[in-house]
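See below for the structure under consideration.
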Amino acid sequence: MAIIIMASVTWYSSYQKDMRELEERLRTHLIVDQGVDEKRIVSIEARRSKMPMYPVVVQFNDTPQEYIYVFQTDQWIQLTPEP
């Protein structure tokens, strides 16, 4: 039983770390590569879903619409709204 609990805790910690890394990588991409002012970004949240597997949702303060990005083949791709 202890092994199952330790494996679960280890997996969950790894999962959380991966989600934080995705969020930070997108934040860096938006600010450095795209020139987005950091103050415009309200939130960045990585999620797990069926398709795409790990979307990252960005909320900007000047628009109510959510922007969804995925990281594929060494680049960020904006899924919604259409770029």
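Computed from the coordinates by the stated procedures, all read-outs in this text should not be read as laboratory data. Worth saying up front: this structure is predicted, and the values here are computed from it rather than measured. Counting neighbours? That spans all protein chains shown, and the Cβs are built from the backbone with ideal geometry, glycine included.
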Checklist entry - How much length is gained on full extension from Val32 to Gln72, taking 0.36 nm per residue of separation minus their Cα-Cα distance? => result 12.5 nm
Checklist entry - How far is helix 2-28 tilted off the main Cα axis of the chain, in degrees rounded to 10, range 0 to 90? => result 10 degrees
Checklist outcome for this item: With only helices counted (DSSP H, runs n ≥ 4, each -39500 (n - 2.57)), the per-residue ellipticity at 222 nm for the chain, to the nearest 500, works out to -11500 deg cm²/dmol
Checklist entry - Considering only Val70, His29, Met6, whose Cα is most displaced toward the positive end of the charge dipole of the chain, charges sitting on Cβ of Lys, Arg (+1) and Asp, Glu (-1)? => result Met6
Next on the checklist: Quick check: residue separation of Glu45 and Asp18 times 0.36 nm, minus the Cα distance between them. What number comes out in nm?
Outcome noted: 8.5 nm
